[in-house]
Structure formats: structure tokens, C-alpha cells
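The values are calculated or read from the model by the stated rules, or taken from the named source; none is laboratory data. Here the structure is a predicted model, which means the values were calculated and not measured. Here the Cβ positions follow ideal geometry from the backbone for every residue, glycine too, while neighbour counts run over all protein chains shown.
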């Protein structure tokens with residue numbers, strides 16, 4: 001079945017540093033791919049998505065490109081802020097929209 | 001708009017006790033689901049529902065029951081709590097055919 005492997009953290013960066021969080025997937029066909037973010041004490045919320053190969057999802061300065069050749073969907077941001085401190089999850093559908101498979105999460109801490 | 005509401009936020013149980021975690025959404029979503037979040041494990045699907053009267057098992061259903069008598073509510077029942085069920089539980093919902101999940105803020109459960 002579909003699965004996702006996510007870079008494990010934690011990741012600690014200084015403000016304005018460049019961020020990459022790696023995510024690779026195994027899937028039948030070409031499902032949509034997602035990044036969710038969980039801020040401290042909150043539930044997850046959708047950060048961005050991409051629905052087909054070579055599609056780029058973007059939101060709040062974060063970007064991720066759906067790479068079919070490398071089966072990857074790495075999350076990037078050019079200049080992180082303290083407010084970006086959170087846990088980031090890569091995800092894809094298991095077999096239906098209500099059944100997402102999540103990576104183990106990567107905790108990001110950004111120091112001023 | 002309240003979105004997805006979970007109660008309680010915190011709960012401590014003794015081994016063998018039963019309880020119900022409540023989840024309600026006011027967005028008229030067809031799909032609802034329950035996940036548990038454990039350190040180093042990411043989120044794992046417990047049960048899900050594609051509409052009122054229809055439920056199915058996820059990855060880790062043992063020890064949990066669900067029902068869906070209305071579109072709005074999707075309670076999760078722990079039949080006889082065990083320490084292995086200590087976790088943070090998240091309820092999520094989505095529109096039919098739309099893969100964006102909306103999450104509640106979670107219930108932190110400790111079983112002693």
C-alpha cells in the first residue's frame with residue numbers, strides 16, 4: 001500500500017536560515033501529496049498540497065514540488081521565522097480521501 | 001464557525017475504565033476519522049466514517065468502538081482502557097471527494 005518516509009528530526013535552525021525537510025513516498029499511481037503542520041498545542045492543519053507530477057504547492061513561503069522521478073515531495077523555505085517552529089508531516093492518501101497516511105513528523109525549532 | 005470540536009481536552013483513566021471521546025463538526029462533512037498520535041509513530045488511523053450509519057476500521061482499531069448516528073458527531077469509545085492507549089487523539093473531517101482534512105485540537109489521554 002501507499003506509504004511515506006519522512007526525515008526525522010528534530011531540526012534546529014536560526015532565524016532566516018534555509019529549511020529543507022525530506023519526504024519520499026511509495027504509491028500506486030500518482031496520488032495527491034500533502035504537507036501538514038502542527039503548531040504547539042493544536043491539531044494539524046493543511047500547509048500545502050500538490051495533485052500531480054511536477055506540480056508545486058506553496059503557502060506561507062513554504063514550497064514543495066511533486067517529483068515523480070525521485071518519488072519525493074521535499075518541503076523548503078528560504079528564510080524561516082521563529083513562528084515557523086512546529087511539527088511538519090508529509091502525507092498521502094491510503095486509498096480514499098478520509099484515509100491519509102502520515103509520516104512520523106519532523107519537529108522544527110527556530111531560534112531568534 | 002467552530003470547525004471540529006473535541007472534548008475533553010485532557011483525561012486520566014485507570015486501567016479497565018471505559019470512556020467516550022466526543023467529536024463534533026459543523027461543516028456538514030461526510031467523512032470523519034479518528035487518529036492517535038504517539039511519539040516517533042506519527043499519526044495512525046483508528047476508525048473512519050464515510051457518512052452517517054457507515055463506519056470502518058483503520059490501522060489500529062483494537063480496543064476502540066465508533067458509531068455515526070448523525071453527520072455531525074463521531075464519538076470514539078474506549079471499552080476497557082489499557083496503558084497502551086495513552087496517547088493524543090485527534091478527530092478529523094473532510095468533504096466527500098476533497099482530501100483536505102480539518103483537525104480538532106486533540107484529546108490528551110493518560111491511562112494509569
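Taking only the stretch B:35-47 into account, find how many residues are buried (at least 19 other Cβ atoms within 10 Å of the Cβ), over 16 Å from residue B:69 (Cα atoms) and touching a residue at least 12 places away in the same chain (Cβ under 8 Å).
The total comes to 6.
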* To do: Evaluate the following for residue B:53: is it touching a strand residue (DSSP E or B) at 6+ places or on another chain (Cβ under 8 Å), surrounded by fewer than 16 Cβ atoms within 10 Å (Cβ to Cβ) and away from chain A (no Cβ under 11 Å)?
  => no
* Taking residue B:67 as meeting all but one of (1) surrounded by 14 or more Cβ atoms within 10 Å (Cβ to Cβ); (2) within 14 Å of chain A (Cβ to nearest Cβ), write down the number of the exception. => (2)
* **Sole exception among (1) more than 11 Å from every other protein chain (Cβ to nearest Cβ); (2) under 12 Å from residue B:31 (Cα atoms); (3) in a strand (DSSP E or B) for residue B:109, by number** => (2)
* **Residues of the stretch A:1-14 satisfying the condition of being in a loop (DSSP other than H, G, I, E, B) and touching a strand residue (DSSP E or B) at 6+ places or on another chain (Cβ under 6 Å)** => A:2, A:7, A:9, A:10
* Residues being assigned to a strand (DSSP E or B), surrounded by fewer than 19 Cβ atoms within 10 Å (Cβ to Cβ) and at pLDDT 95 or above: count how many of those fall in the stretch A:78-93. => 0
* Structure fact -> Sole miss for residue B:22 among (1) farther than 21 Å from residue A:2 by Cα; (2) crowded, with 19+ Cβ neighbours inside 10 Å; (3) under 11 Å from the mean Cα position of the chain (by Cα) is condition (2)
* Mind listing just one residue for me: the one in the stretch A:15-32 that is more than 14 Å from residue B:101 (Cα to Cα), at pLDDT below 95 and in a loop (DSSP other than H, G, I, E, B) and, of those, farthest from the other protein chains (Cβ to nearest Cβ)? => A:28
* Starting from the stretch B:18-34, take each residue that is away from chain A (no Cβ under 14 Å) and list its partners that are loosely packed, with under 15 Cβ neighbours inside 10 Å and part of a loop (DSSP other than H, G, I, E, B), counting only C-beta distances under 6 angstrom and pairs at least six apart or across chains. => B:18/B:79; B:26/B:2
* To do: Being buried (at least 19 other Cβ atoms within 10 Å of the Cβ) and either assigned to a loop (DSSP other than H, G, I, E, B) or on the phi > 0 side of the Ramachandran plot (or both) is the filter here, so list the residues in the stretch A:33-68 that pass it.
  => A:43, A:66
* Asked: Taking the stretch B:72-97 as the search range and keeping residues that are buried (at least 19 other Cβ atoms within 10 Å of the Cβ) and more than 18 Å from residue B:16 (Cα to Cα), which one is farthest from the chain's Cα centre (by Cα)?
  -> B:94
* Of the numbered conditions (1) farther than 18 Å from residue A:109 by Cβ; (2) buried (at least 17 other Cβ atoms within 10 Å of the Cβ), residue A:6 fails exactly one; give the number of that condition. => (1)
* **Odd one out for residue B:59 among (1) on the phi < 0 side of the Ramachandran plot; (2) at pLDDT 95 or above; (3) surrounded by fewer than 15 Cβ atoms within 10 Å (Cβ to Cβ)** => (2)
* Where residue A:38 falls short, out of the listed (1) within 19 Å of residue A:15 (Cβ to Cβ); (2) within 13 Å of another protein chain (Cβ to nearest Cβ) -> (1)
* Matching entry among A:68, A:99 (being modelled with pLDDT under 95 and more than 10 Å from chain B (Cβ to nearest Cβ)) -> A:68
